[in-house]
Amino acid sequence: LERVRIRLGGALFDKKDFAAAQGQFDSVANNEKSPHRGQALYRSAECALAQGKADDAAKKLVVFRDNGAFHNVPGVSDRAVLRLGHAYLELKQWEPARQAFETVIARYGNGPWAIDARYGMGLALQNQNRYPDAINTYVQVTQATQDERAGRAKLQIGECQAKQNKFKEAGDEFQTVYLGYDIPELKWTAMLEHARVLDAEKKPDAAIKLLERVAKDAPK
C-alpha cells in the first residue's frame, strides 16, 4: 500500500496537484517504521517547495543532513541535502545554505549532484558578499561541465566581478555567455548585464548597441 501511495503521489506531482501529492507522501512519511519513509519525506519536501513553502520543506529535509539513519538512502539522501540547500536559499539563509551544499560534496564526493552543489555554494557565498570565494567556486563548476550550468556560473562570475567594480573582467564573462550559449534566459540576461557594465565604463555607444539588439531580437 505504501508503494502504491508513493507512486500515486508521483503521478499527482506530475499533474502539478502538489497538495494532494504531499498528502500521499505524508501518509507514508508519518510511519516511523516504514522502509519507504526516507523517500516519502524527500518527496513531501519537494511538494512543499513546489508550493513555495520553503520553511516546511527545510524542516522535512534537515533529517537527511543531521540523522545518520537518513544519510545513505539510495538515490535520495544526496539529492535531499542538495534540496535543503535550495530551501535555505529561498529563505535567504545564506550560511545554512552554504553548509548544506558543502555537506553534499563532503559526504557524497563527486556524485551526480556535486556540480549543482558547487553552483549553489557559489550563490550562497555571493549573497554573503564573499565575491572572490564565490568566483572560485563557480570556476570549479565551469571546469567540471560545459552544459548550461557552466553558462550560469559564468554569468554569476560576471556579476561578482561587477560588484567589485572590475567592469572589464565582468564584461568579458558576460560576452562569453551570450556568444557561447544559445539559451535565451542566459543570452539576453548576459547582454543586459554587459550593457550595464559598459555604461559604468563610460562606453554608452557600445551599451546602446547591445540594448538595441536585445530590444529587437529578444522575446517579449
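Couple of notes before you dig in:
- Check on Phe70, farther than 20 Å from Arg149 by Cβ and crowded, with 20+ Cβ neighbours inside 10 Å: yes
- Any hit, the range 164-178, residues being of a type in the set (Phe, Trp, Tyr) and touching a Gly at 6+ places or on another chain (Cβ under 7 Å): yes
- Complete set of residues in the range 57-74 that are touching a residue at least 24 places away in the same chain (Cβ under 8 Å) and not in a helix (DSSP H, G or I): His71, Val73
- Subset of the range 32-47 that is more than 18 Å from the chain's Cα centre (by Cα) and charged (D, E, K, R) - its residue that is most open to solvent (accessible area, probe 1.4 Å): Lys33
- Only residues that are surrounded by fewer than 20 Cβ atoms within 10 Å (Cβ to Cβ) and under 22 Å from Ala134 (Cβ atoms) were counted in the range 168-185, giving 8.
- Within the range 209-220, the residues that satisfy the criterion of being outside any helix (DSSP H, G or I) and in contact (Cβ under 8 Å) with a residue 24 or more places away in the chain are Ala218, Pro219.
- You will find that of Glu95, Glu32, Glu46, the residue that is at pLDDT below 95 and charged (D, E, K, R) is Glu32 and no other.
- The one condition in (1) open to solvent by 40 Å² or more (accessible area, probe 1.4 Å); (2) out of contact with any Phe, Trp or Tyr (no Cβ under 7 Å at 6 or more places or on another chain); (3) within 18 Å of Tyr108 (Cβ to Cβ) that Val62 fails to fulfil: (1)
- Scanning the range 1-54 for residues that are touching a Cys at 6+ places or on another chain (Cβ under 7 Å) and of a type in the set (Gly, Ala, Ser) turns up just one, Ala21.
- Residues of the range 102-132 satisfying the condition of being outside any helix (DSSP H, G or I) and either open to solvent by 40 Å² or more (accessible area, probe 1.4 Å) or in contact with a Gly (Cβ under 6 Å, 6 or more places away or on another chain) (or both): Asn110, Pro112, Trp113, Gln128, Asn129, Arg130
- Screening Ala206, Ala162, Ala195 for residues that are open to solvent by less than 60 Å² (accessible area, probe 1.4 Å), without any contact (Cβ under 8 Å) to a residue 12 or more places away in the chain, of a type outside the set (Val, Ile, Thr) and part of a helix (DSSP H, G or I) leaves exactly one candidate, Ala206.
- Counting only residues that are open to solvent by 60 Å² or more (accessible area, probe 1.4 Å) and among the aliphatic types (A, V, I, L, M), the range 9-26 holds 1 of them.
- Between Ala57, Ala29, Ala50, the distinction of being within 19 Å of Asp14 (Cα to Cα) and buried (at least 20 other Cβ atoms within 10 Å of the Cβ) belongs to Ala57 only.
- Single unsatisfied condition, Gln99 versus (1) in contact with a Lys or Arg (Cβ under 9 Å, 6 or more places away or on another chain); (2) open to solvent by 50 Å² or more (accessible area, probe 1.4 Å); (3) over 28 Å from Gln156 (Cβ atoms): (3)
The values are calculated or read from the model by the stated rules, or taken from the named source; none is laboratory data. If you're wondering where the values come from, they're calculated on a predicted model, not measured in any experiment. A quick note on method: Cβ atoms are made from the backbone with ideal geometry, for glycine too, and the neighbour counts reach across all protein chains shown. Side chains are part of the model used for accessible areas, which takes the heavy atoms of the whole protein and leaves out ligands, DNA and RNA. Shrake-Rupley method; radii C 1.70, N 1.55, O 1.52, S 1.80 Å.
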